[in-house]
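The values are calculated or read from the model by the stated rules, or taken from the named source; none is laboratory data. Everything quoted here is computed from the prediction, not taken from an experiment. Each accessible area value is taken on the protein alone, full model and side chains, heavy atoms only, with ligands, DNA and RNA left out. Shrake-Rupley method; radii C 1.70, N 1.55, O 1.52, S 1.80 Å.
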Amino acid sequence: MPVPRTLLRAVATCVAAIAVAVALAGCGIRIPTDPDGALDRITGGQLRVGA
């Protein structure tokens, strides 16, 4: 019994998406990045919100 083309296409797309995700993770890409260290500067303070 042959495998339907739609199933093969779905499996190939899934494998390609996983390969791209692994390649990006292996390159050390972190999204979102914080190049200026803003998170370290604002941690521990107060957040004031007005309406």
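What to note about this one:
- All conditions in (1) at pLDDT below 80; (2) on the phi > 0 side of the Ramachandran plot hold for residue 35, with the sole exception of (2).
- Look at (1) modelled with pLDDT of 80 or more; (2) open to solvent by less than 100 Å² (accessible area, probe 1.4 Å); (3) among the aliphatic types (A, V, I, L, M) and you find that residue 49 fails only one, number (2).
- Put simply, of 10, 17 the only residue that is assigned to a helix (DSSP H, G or I) and under 18 Å from the mean Cα position of the chain (by Cα) is 17.
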